[in-house]
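Here is the structure we will look at, set down as structure tokens.
The values are calculated or read from the model by the stated rules, or taken from the named source; none is laboratory data. Since the structure is predicted, the reported quantities are computational estimates derived from the model, not experimental observations. Methodologically, a virtual Cβ is constructed for each residue, glycine included, from the backbone with ideal geometry; neighbour enumeration extends over all protein chains shown. All accessible areas refer to the heavy atoms of the entire protein, side chains included, with ligands and DNA or RNA removed. Shrake-Rupley method; radii C 1.70, N 1.55, O 1.52, S 1.80 Å.
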Amino acid sequence: MRIGLYGGSFNPAHAGHLHVSRTALRRLRLDRVWWLVSPGNPLKDPGQLAPLPERIAQARAIATDPRIDVTGFEAAIGSRYTVDLLRWLRRRRPDLRFVWIMGADSLGSFHRWRHFEAIATLMPIAVIDRPGHTMTPLSARAAHRLAAARVRESDAATLPFREPPAWVFLHGPRSELSSTALRAERARSASRAC
């Protein structure tokens, strides 16, 4: 089976996450996508984070495609960093073909992730275009470091079968939605209600 791993805070989950997942399912010919709802992102403000059970419940309400599974098992295994989670999955499920999925906005900060180069050697990576980040593959520090491993977009369906490091940037229709913008709108609405 070909499984896309889409990790993040999902704070909150929204239709843009669903769009990214469906793009990956179609373009990479995946069997399933697992949303890995993180207990917390070391690079983000924990004060802005809704409780994990709330974020999981909301993600399940948004993930209407039957090929998408929402899980919070990262907290159960005590994983704090993506590299640890991916190592854990590779050890326990060597029979599955995993692909890490991220938005183009995440590629811009990927070099700040703990052991980002090790992540790239654990499994192939699919980067999905996001509004305002289409040029990210050309300028991101991680993209420069991994330039030799970039796969042509026309070969995207081969990504699950490639030995890492291998990554592809997928262009296409983009969703304008973002969790940051949704949180800001909620805060504005709450302040107007007061």
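Data table
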item: Output for segment 79-101, where each listed residue is assigned to a strand (DSSP E or B) and in contact with a Phe, Trp or Tyr (Cβ under 7 Å, 6 or more places away or on another chain); result: Arg97, Ile101
item: The listed residue being within 26 Å of Trp88 (Cα to Cα) and surrounded by fewer than 18 Cβ atoms within 10 Å (Cβ to Cβ), out of Arg162, Arg141; result: Arg162
item: Failed item in (1) surrounded by 19 or more Cβ atoms within 10 Å (Cβ to Cβ); (2) more than 30 Å from Arg141 (Cα to Cα); (3) polar (S, T, N, Q), with Thr82 passing the rest; result: (2)
item: Enumeration of residues in segment 117-138 that are touching a residue at least 12 places away in the same chain (Cβ under 8 Å), of a type in the set (A, V, I, L, M, F, W, C) and surrounded by fewer than 18 Cβ atoms within 10 Å (Cβ to Cβ); result: Ala118
item: Scope segment 49-75; condition outside any loop (DSSP other than H, G, I, E, B), open to solvent by 60 Å² or more (accessible area, probe 1.4 Å) and over 23 Å from His19 (Cβ atoms); matching residues; result: Pro53
item: Among (1) under 21 Å from Gly132 (Cα atoms); (2) surrounded by 14 or more Cβ atoms within 10 Å (Cβ to Cβ), the one test that Ala15 misses; result: (2)
